[in-house]
Amino acid sequence: MEVIYKKSGTGKTTELIKMCEQDYGYIVCADMRQVKMVQQMAMEMGCKIPYPITFETFLSGKYYAPGVKKFYIDDADRLISKLARGNEVKAVTMSDCR
């Protein structure tokens with residue numbers, strides 16, 4: 001798993017869209033507003049990606065699973081916050097599972 005860690009507005013989502021296009025994965029977004037923004041960005045970039053899904057859809061598993069090979073999580077910090085139901089998450093660790 002690759003982690004893209006940059007300040008807001010520095011191209012993280014653009015980088016994610018490019019990666020998604022190469023591997024034909026699904027981008028997971030915080031909400032429908034973000035889904036539409038990511039889809040619009042991809043169209044403007046000329047990138048062909050599957051239509052992004054929301055965190056809610058991702059967490060509920062209500063997507064066509066056989067068609068999904070990879071996920072790209074946009075704003076993972078927001079997803080973790082949702083999982084914590086708004087409680088502060090002070091730290092996370094990640095393992096390199098390549």
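The values are calculated or read from the model by the stated rules, or taken from the named source; none is laboratory data. Everything quoted here is computed from the prediction, not taken from an experiment. Glycine gets a Cβ as well: all are built from the backbone with ideal geometry, and neighbour counts include every protein chain shown. Protein only, heavy atoms only, side chains kept; ligands, DNA and RNA dropped before computing areas. Shrake-Rupley method; radii C 1.70, N 1.55, O 1.52, S 1.80 Å.
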Exercise for review: Just tell me which aspartates and glutamates come within less than 20 Å, Cα to Cα, of Lys36; anything on the same chain fewer than 8 places away is out.
Suggested key: Glu15, Glu21, Glu44, Glu56, Asp74, Asp75, Asp77
Practice item. Return a whole-number percent for the relative contact order of the chain, with Cα pairs under 8 Å and 6 or more residues apart as the contact set. Key: 31
Point to revise | Rough spin-label spacing in nm, given labels placed 7 Å along Cα→Cβ, for Asp31 and Tyr51 | key: 2.0
Review point. Of all accessible surface on the chain at a 1.4 Å probe, what whole percent is carbon and sulfur?
Key: 52
Point to revise | Distance in nm between pseudo-label sites at Ala91 and Thr10 (7 Å out along the Cβ direction from Cα) | key: 2.2
Review point. What pairs in Lys12/Lys69; Lys18/Lys90; Lys12/Lys62; Lys7/Lys90 have C-alpha atoms more than 24 Å from each other?
Key: Lys18/Lys90; Lys12/Lys62
Exercise for review: Round to the nearest 10 and report in Å² the accessible area of Lys36, as given by a 1.4 Å probe over the protein chains' heavy atoms.
Suggested key: 120
Review point. Any idea of Leu59's accessible area? Nearest 10 Å², probe 1.4 Å.
Key: 90
**Study point:** Per residue accessible area in Å² of the chain, where ligands, DNA and RNA are left out and the probe is 1.4 Å
**Key:** 73
Point to revise | Derived scalar couplings ³J(HN,Hα) [region 86-96; Karplus, 6.51 cos²θ - 1.76 cosθ + 1.60; whole Hz; x for Gly, Pro] | key: x, 6, 5, 10, 7, 7, 9, 10, 9, 9, 7
Review point. Over all distinct Cα pairs, what is the inverse of the mean 1/r for the chain, reported as the Kirkwood hydrodynamic radius in Å?
Key: 14.2
Practice item. Whole Å is fine, so just give me how far the alpha carbon centre of region 1-36 lies from that of region 74-98. Key: 16
